[in-house]
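Written out below as structure tokens is the structure these notes cover.
The values are calculated or read from the model by the stated rules, or taken from the named source; none is laboratory data. Keep in mind that what you see is a predicted model, and the values were worked out from it rather than measured. Quick reminder, even Gly has a Cβ in these numbers, built from the backbone with ideal geometry, and neighbours come from all protein chains shown. Just the protein is used for accessible areas: all its heavy atoms, side chains included, with ligands, DNA and RNA removed. Shrake-Rupley method; radii C 1.70, N 1.55, O 1.52, S 1.80 Å.
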Amino acid sequence: MNIEDFSRKNTYWKAFWEKEIIDRPLISVTAPKEGMEKQYAMGSRLFPGPACVSGEAGPYMESFKQTVDATYYGGEAMPFLNPTLGPDQYAGFLGAGLEMKPEYNTSWVHSTVEDWSGFEVKIDTGKDSYFERMRQFLKYATAFAKGEFLIGMLDLHSGMDALSALRGPQNLCYDLMDCPQEVHRVLDDVRKTYQDVFYMANKAAKMEQNGSIGWIPTYCPTGRFAAVQCDFSYLVSPSQAREFIIPVIAEEASFLDHCVYHYDGKEALGHLDDILAIKEIDVIQWVPGDGQPRSIEWMDLLKKMQKAGKGLQIYDWTHQEIIEHFKDLSPEGVVYCTEASSIEEADRLIEAVKARM
């Protein structure tokens, strides 16, 4: 890899996955290089969906490279491209319609299933399909990167999230009561597609050679890596989750060598013990949800996750909160992801944490 300071970063990330400490918890902090504030800010608005769908990736990649060149990657931060057609791209691979909304940095999904009884689960691999266009985009982006930045694993909203996108969340909730066996049939078939989707991205982006990262930016030097999640889980009871959701999460986590679980919303906390019981989940990203206190206000919950053997990815603490409160948690397997206004501010954060160990 041609990434600056790659060898040291690689060593720290290996320690992270082994829940070992070198001299501090991991800190992934980015900042604009001097005089590059405008180009740095552009990075958050570079949604690749339209470029992927159109097949015209060149201009997008040139803009993205400018953002990479304008960015300081401090601590364990890795430069990477997040390839995405939006959160429901997995459903798009299975036939759902996606409407690109670059002004919102995402896409909208158009549910297509009116009745599960006539629905056949199949990845559309045609030359104009979302699946094939993503494959070609990943291959182009990987060649363009020339080892100077990583290409991330897809945001895989598989399992019940894919069914929710295909059917609509409200309709799927009714289906769990009205035709649970049909849901099981379709869900089982969707589960069979997971490895095909994973390996498409893994191979196109040469993750076996370069290592893996994802939209949750935890770099994994070796092995199969992805984020796992089920946002639909907040709509169902614990018993329904144990029937339709927990087995899928456990299956995906078991297939992966390392994974981060995206735990979204306090409404899903009824499933916490079942999630923590999945030993193959390495790390949890706790997202309290809109209108809720930030994750630092959930210290008892974070400690419970750690007591269950899980690492943590923390994304919403201020620099001062990291410095003052990182020792409230065990440092092993924790990474703090943040931004700074300058290179000097980024470096001060790292040194301040290291000095307090």
Exercise for the section: Please work out how much length the chain gains when fully extended from Ser342 to Lys307, using 0.36 nm per residue of separation minus the C-alpha to C-alpha distance, in nm with one decimal. Expected result: 9.1 nm
Practice task
Pop out the Kirkwood hydrodynamic radius of region 304-343 from its pairwise C-alpha distances, inverse of mean 1/r, in Å to one decimal.
Solution key: 11.1 Å
Practice task
Provide Rg over Rh for region 103-255; use the alpha carbon set for both Rg and the Kirkwood Rh (inverse mean inverse pair distance).
Solution key: 0.99
Handout entry: Å² per residue, accessible surface of region 1-152 at 1.4 Å
Key = 47 Å²
Exercise for the section: Can you tell me which of 271-279, 291-299 comes out highest on packing, and rank the rest after it, using the mean Cβ neighbours within 10 Å? Expected result: 271-279, 291-299
Fill in the blank from the handout: Classified through the alpha carbon gyration tensor (a ≥ b ≥ c as square roots of its eigenvalues; rounded if a/c is under 1.5, else prolate when a/b is larger than b/c, else oblate), region 184-323 comes out oblate
Practice task
For a quick protection proxy, order the peptides 156-163, 195-202 by their average other-Cβ count within 10 Å, most packed first.
Solution key: 156-163, 195-202
Fill in the blank from the handout: Using alpha-carbon positions, the gyration tensor of region 12-119 gives root eigenvalues a ≥ b ≥ c; with a/c under 1.5 called rounded, otherwise prolate if a/b exceeds b/c, else oblate, the class is oblate
Completion exercise
In the chain the accessible area split gives carbon plus sulfur, as whole percent at 1.4 Å, a share of 47 percent
Fill in the blank from the handout: In the chain, whole DSSP H helices that both stretch 15 Å or further along their axis by alpha carbon positions and average at least -1.0 on the Kyte-Doolittle scale are 58-69, 130-145, 180-191, 194-204, 343-356
Problem - Charge sum, other residues only, whose C-beta stays under 14 Å from Pro293's C-beta, Lys/Arg counted +1 and Asp/Glu -1 - result: -3
Problem - Sparsely packed trypsin sites (Lys or Arg not before Pro) within region 153-195, loop by DSSP, other Cβ within 10 Å at most 14 - result: Lys192
Problem - region 229-324, accessible area per residue, ligands and nucleic acids excluded (1.4 Å, Å²) - result: 42 Å²
Exercise for the section: Give the cross-link partners of Lys146 among the lysines, using a straight C-alpha distance below 21 Å as the criterion and excluding same-chain residues fewer than 8 apart. Expected result: Lys9, Lys65, Lys203, Lys206
Fill in the blank from the handout: Mean Cβ-within-10 Å packing, highest first, puts peptides 281-287, 114-120 in the order 281-287, 114-120
Fill in the blank from the handout: In vacuo Debye sum over C-alpha of region 193-247, base-10 log of normalised intensity I(q)/I(0) at q = 0.17, 0.30 Å⁻¹, listed in q order, is -0.67, -1.15
Exercise for the section: Take the alpha carbon gyration tensor of the chain, find the square roots of its eigenvalues, order them as a ≥ b ≥ c, and report rounded if a/c is under 1.5; if not, report prolate when a/b exceeds b/c, else oblate. Expected result: oblate
